[in-house]
Amino acid sequence: MTLRVGVIGTGMIGQDHIRRLTKVLSGVTVTGVSDIDATRAASVAPAGAQVFATAQDLIGSDSVDGVVICSWGPSHEDQLLACIAAGKPVFCEKPLVTSQAAALKVMAAEVAFGRRLVQVGFMRRFDADYRRLKAVIDAGTLGAPLMYKSVHRNASVPEGLYTSEMPLNDTLVHDADISRWLLGEEVAGVEVRVPRRSSRGGDLRDPVVVLLTMRSGAIVDVEISVNVAYGYDIRGEVSCETGIAALPNRPATVITDQFGIRQAIPEDWRERFIEAYDQEFREWIAAAGQGTATGPSTWDGYAATLVADAALRAVETGGSEPVSMCEKPSIYFS
Ligand SMILES: NC(=O)c1ccc[n+]([C@@H]2O[C@H](COP(=O)([O-])OP(=O)(O)OC[C@H]3O[C@@H](n4cnc5c(N)ncnc54)[C@H](O)[C@@H]3O)[C@@H](O)[C@H]2O)c1
């Protein structure tokens with residue numbers, strides 16, 4: 001069976017996902033697109049896909065079996081609720097939503113529906129290097145994980161569109177999710193330190209250092225720098241009781257010439273995580289074909305949202321902000 005998919009939001013990542021859904025992956029076809037910028041939607045719609053005037057029209061269409069949400073974070077809540085009301089499996093780019101209240105609403109709707117329909121776009125969980133790192137930690141041969149260092153550097157961010165809150169409520173969610181997944185536990189508290197600002201970021205609060213205290217007492221320190229100029233640089237290192245497990249810098253061809261011995265640095269997330277995005281969609285397509293979802297869930301999106309909210313509070317108070325979660329509904333135990 002071929003899954004017929006509608007894509008909402010046809011900007012940077014929407015176009016990249018349309019490319020993989022039409023040119024890379026099998027068992028799927030894009031039958032609809034929608035964007036508040038109708039001209040953009042029409043210009044990137046693949047052959048045969050209908051351009052819907054609104055996201056709601058796309059979600060309600062009989063020609064759409066599953067929905068991919070790539071619009072801006074604040075519009076995810078209404079679009080997710082409409083997908084759940086229609087009983088359609090949905091892949092939602094991170095962040096799931098932008099407030100705790102919205103996350104609880106989406107979770108309540110999915111729980112009332114009775115089974116999972118939502119997969120959140122935390123693609124690092126599908127990256128082969130992160131999967132190997134997790135396998136080492138889970139094997140337990142290095143003892144318990146005590147500390148994790150997560151480095152998240154972007155060459156640049158869109159000027160004017162990326163605000164001072166976004167390192168904490170848009171970018172940090174990836175590090176919050178991968179920390180929970182790697183260490184297998186929830187975040188208990190969040191602190192934020194703001195070092196000397198990079199002159200490249202204008203008024204932006206950049207870089208930021210976020211400390212996550214996990215329930216076991218393990219500590220995660222996250223560096224978020226969004227204007228490093230040299231490329232996209234994602235690193236991680238877990239300190240365990242008897243050893244260190246590190247995420248390798250991405251293997252790339254080593255070039256030797258008159259400038260020295262060097263390896264190329266990925267330009268952005270599209271390049272670094274190209275295979276992870278393909279894999280997250282393979283798994284989404286397989287589950288959506290069965291009318292359900294696997295992988296990162298609404299619960300995981302809710303957890304990351306709570307960390308983002310706590311980080312925003314912590315930057316104001318300068319102290320440690322607690323994270324307290326509701327009881328985990330049974331549909332999120334896998
Ligand atoms: N997983 C990742 O690594 C990753 C990487 C980049 C972006 N993202 C996420 O993907 C989402 C989109 O990011 P982007 O970089 O493509 O942004 P973008 O600004 O390039 O594109 C967003 C598109 O959504 C459209 N849009 C906004 N609100 C809409 C609505 N209510 N209905 C329909 N269309 C709407 C905009 O017109 C725009 O075309 C964001 O949530 C972002 O955080 C995730």
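When ALA252 is tested against (1) at pLDDT below 95; (2) closer than 26 Å to MET147 by Cα, just one condition goes unmet, and that condition is (2).
Kindly indicate whether any position in the stretch 87-97 is of a type in the set (D, E, K, R) and near the ligand (Cβ under 10 Å from one of its atoms). Yes. Listed conditions (1) surrounded by fewer than 20 Cβ atoms within 10 Å (Cβ to Cβ); (2) within 15 Å of the ligand (Cβ to nearest atom); (3) at pLDDT below 95 are all met by GLY73, apart from (1).
Which of the residues spanning the stretch 1-57 are touching a strand residue (DSSP E or B) at 6+ places or on another chain (Cβ under 9 Å), within 12 Å of the ligand (Cβ to nearest atom) and assigned to a loop (DSSP other than H, G, I, E, B)? If the condition is that a residue be touching a strand residue (DSSP E or B) at 6+ places or on another chain (Cβ under 9 Å), within 12 Å of the ligand (Cβ to nearest atom) and assigned to a loop (DSSP other than H, G, I, E, B), then GLY9, THR10, ASP35, ALA53, THR54 are the ones that fit.
The values are calculated or read from the model by the stated rules, or taken from the named source; none is laboratory data. Just so it is clear, the structure is predicted and the values come from calculations on it, not from any experiment. Please note: Cβ atoms are built from the backbone with ideal geometry, for glycine as well, and neighbour counts cover all protein chains shown.
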